[in-house]
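Participant: First the structure, then my questions, so here it is.
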Amino acid sequence: MHTHHAEPETTPVVSSFTEWDPLEEVVVGRLAGGVFPSWQDSMLATMPDEGIRAFKESGGSPFPAEHLAAADAELDTLAATLQGRGIKVVRPDDVDYGRAFSSPQWQSPGGMSGGMPRDLLIVVGDTIVEAPMSWRCRTHEVDAFRGLIKSYFQRGGGWLAAPRPQLSDELFDGDFNPETEQGYAISEFEPVFDAADFMRFGHDIIVQRSHVTNEFGINWMRRALGPEFRIHEIPVDDPHAMHIDASIVPLAPGKLLVHPERYVPHPLFKDWEILEAPKPVLPATWPMYFCSAWLSMNVLSLDERTVVVERQEEPMIEALTAWGFECVPVDFRHVYSFGGSFHCATLDVRRQGSGGRYLG
């Protein structure tokens with residue numbers, strides 16, 4: 001007598017090779033419970049003055065409640081917009097980031113927030129990679145996403161966590177010179193990187209060296225992913241380098257959105273159409289603790305033709321529409337203040353497509 005076994009699930013639970021294949025499942029962050037990051041000197045190279053002041057004075061204390069609530073409402077709207085397009089949306093756990101913690105070598109008055117999953121996680125093929133972040137206050141940030149990661153793993157997804165960094169003072173003994181803005185805030189003491197310094201082009205991945213990502217971290221990633229993926233380190237003209245996703249954003253095969261001042265032409269993109277991002281329209285008075293207004297570039301591709309863009313960034317919407325894209329406008333300015341836009345605030349767990357080679 002034959003017993004029929006259920007067919008194994010054919011769709012992989014975790015699968016994302018590019019920034020532009022059709023999106024099927026995504027994590028959208030939450031800012032509730034978020035606190036100002038605690039100051040450490042390596043932040044000096046990357047932060048606007050407003051942020052430096054806020055982190056020094058308010059590290060570990062809650063973000064402004066009204067602005068935070070408005071930002072969380074924008075994240076909820078993004079989640080609803082994606083769901084309305086048939087994309088499965090999952091959210092992280094609520095975490096109180098205001099609790100102090102320490103290691104044998106240092107202490108932090110608090111964490112940060114669960115709003116920016118792309119800073120700490122990246123899906124490469126069928127694997128979720130957990131980044132070894134160099135900001136001490138972000139050491140436990142992944143906790144908000146651990147429940148999700150465990151669930152993906154139990155359903156067949158890959159899970160690769162980088163070695164936990166010690167973040168001792170030796171790491172922050174970099175060669176950054178604030179006068180010349182040359183060098184990096186971190187040394188090669190141990191491997192560290194933020195996931196947002198990597199950008200996926202199928203089986204090719206580009207990465208920038210930055211004030212949060214060192215050569216040791218890039219080499220760890222290269223070796224951990226193995227020969228199936230080629231990692232290309234590319235230069236970016238940004239003395240405040242931290243996260244490549246507001247400098248270079250691939251929107252479709254052969255179409256690259258770039259920051260007009262930071263992009264350095266590269267042979268990998270010799271056959272690509274390059275669009276210089278129009279100047280952002282965010283008012284100079286808008287509170288920005290972490291980033292520049294160029295977060296207008298930090299868009300989320302839903303497929304090769306559809307892009308989520310901040311509603312008030314009309315020059316960007318016009319430029320992308322003229323380039324053949326359908327823009328999905330969503331209000332996101334309040335989220336900007338907490339360090340990211342659509343790309344930072346999401347983690348694409350599953351997209352259609354199976355890799356391929358798109359570069360040089």
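Participant: In whole Å, what are the Cα extents of segment 261-360 along the three principal axes, biggest one first?
Facilitator: Projected onto the principal axes, the Cα atoms of segment 261-360 cover 42, 31, 26 Å.
Participant: In the chain, what is the count of Lys pairs whose alpha carbons are under 25 Å apart, counting only pairs at least 8 residues apart or on separate chains?
Facilitator: Counting lysine pairs in the chain gives 4.
Participant: Beyond 20 Å, what percent of the Cα pairs of segment 192-262 remain?
Facilitator: On the way: 619 of 2485 pairs.
Every Cα pair in segment 192-262 considered, those over 20 Å come to 25 percent.
Participant: Still on this structure, I have one more. How would you rank 243-251, 69-77, 88-96, highest first, on the average number of other Cβ atoms within 10 Å across their residues?
Facilitator: Answer by packing, highest mean first, reads 243-251, 69-77, 88-96.
Participant: In nanometres, what is the gap between the two model label sites at Glu170 and Ser151, each 7 Å from Cα along Cα-to-Cβ?
Facilitator: In this crude label model, Glu170 to Ser151 measures out at 4.0 nm.
Participant: Here's another thing I want to ask about it. Take the alpha-carbon centre of segment 182-221, take the same for segment 250-308, and report the distance between them in whole Å.
Facilitator: Taking the Cα centre of segment 250-308 as reference, the centre of segment 182-221 is 20 Å away.
Participant: Using the alpha-carbon centroid of each, what span in Å lies between segment 315-340 and segment 30-73?
Facilitator: So the two Cα centres are separated by 23 Å.
Participant: Now, a different point. Averaged per residue, what accessible surface does the chain expose to a 1.4 Å probe, in Å²?
Facilitator: Computed with neighbouring chains in place, this is 42 Å² per residue.
Participant: Using only Cα positions of the chain, each an equal point scatterer, no hydration layer, compute I(q)/I(0) via Debye at q = 0.08 Å⁻¹ and quote the log10 values to two decimals.
Facilitator: Debye curve over Cα of the chain, log10 I(q)/I(0) at q = 0.08 Å⁻¹: -0.36.
Participant: How big is segment 164-291 in terms of Cα radius of gyration and Dmax, in angstroms?
Facilitator: Using the Cα atoms of segment 164-291, the pair Rg, Dmax is 15.8, 47 Å.
Participant: Would you mind checking which residues have amide H under 5 Å from Ala161's amide H? H placed 1.01 Å from N; only 5 or more apart, or other chain.
Facilitator: Glu130
Participant: Could the peptides 201-209, 352-360 be put in order, highest first, of the mean number of other beta-carbon atoms found within 10 Å of their residues?
Facilitator: Order by mean packing, descending: 201-209, 352-360.
Participant: Moving to a separate point now. How large is ³J(HN,Hα) for each residue in segment 335-352, as worked out from phi by the Karplus curve 6.51 cos²θ - 1.76 cosθ + 1.60 (θ = phi - 60°), to whole Hz, x for Gly and Pro?
Facilitator: Along segment 335-352, the couplings run 5, 2, 4, 9, x, x, 10, 4, 5, 5, 7, 10, 10, 7, 7, 9, 10, 5 Hz.
Participant: Short version: ³J(HN,Hα) in whole Hz for each residue of segment 14-30, in order, from phi by Karplus 6.51 cos²θ - 1.76 cosθ + 1.60 (θ = phi - 60°), x for Gly and Pro, what are they?
Facilitator: Karplus values, whole Hz, x for Gly and Pro: 10, 6, 8, 10, 9, 8, 10, 4, x, 7, 10, 8, 8, 8, 10, x, 10.
Participant: In a Gaussian network model over the chain where Cα atoms closer than 10 Å are linked, find which of Ser103, Ser337, Ser113 has the largest mean-square fluctuation.
Facilitator: Maximum among the listed residues: Ser103.
Participant: Amide H neighbours of Thr18 under 5 Å, at least 5 residues apart or on other chains, H built in the peptide plane: list them.
Facilitator: Residues meeting the criterion, in which the H sits 1.01 Å from N, are Gly202.
Participant: In terms of solvent-accessible area of protein heavy atoms at a 1.4 angstrom probe, what is the ranking of Lys150, Lys270, highest value first?
Facilitator: Listed by decreasing accessible area, they come as Lys270, Lys150.
Participant: Given a 1.4 angstrom probe, I'd like the percentage of the accessible area of segment 212-294 that is carbon and sulfur, rounded to a whole number.
Facilitator: Percent of accessible area from carbon and sulfur atoms in segment 212-294: 56.
The values are calculated or read from the model by the stated rules, or taken from the named source; none is laboratory data. Owing to the predicted nature of the structure, the values given are computational and were not obtained by experimental measurement. FYI the Cβ positions are ideal-geometry reconstructions off the backbone, even for glycines, and counts take in every protein chain you see. Surface areas here come from the heavy atoms of the whole protein model, side chains and all, with no ligands, DNA or RNA. Shrake-Rupley method; radii C 1.70, N 1.55, O 1.52, S 1.80 Å.
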